[in-house]
């Protein structure tokens, strides 16, 4: 992922760019050979088998990759069910009380 242009406050990412970066991040965290199973409707817990500790890795990875400070509210984990939910949060972090770092 190091060859991707960094996220900056003056450069908003499209949904496709966010999805591409998120898929690469999840592929790395989950140690998958391919990102084929990581699609917008994939459920993080049920389909990708991400447990609570894995979700912490995802949160840290998203914060670092996208320059966000995510709300530490435990309900965040309940609201982010699918990859699509995560993309929406990254695209508009203010929806959850999160912000750009």
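Each value in this text was obtained by applying a stated rule to the coordinates, not by laboratory testing. Here the structure is a predicted model, which means the values were calculated and not measured. Here Cβ is always computed from backbone atoms with ideal geometry, including for glycine, and neighbour counts include all displayed protein chains.
Computed quantities for the displayed model
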read-out: Projected label distance in nm at residue 49 and residue 28, using a 7 Å step from Cα toward the beta-carbon; value: 2.2
read-out: The stretch 25-70: mean projected area of Cα convex hull, nm²; value: 3.3
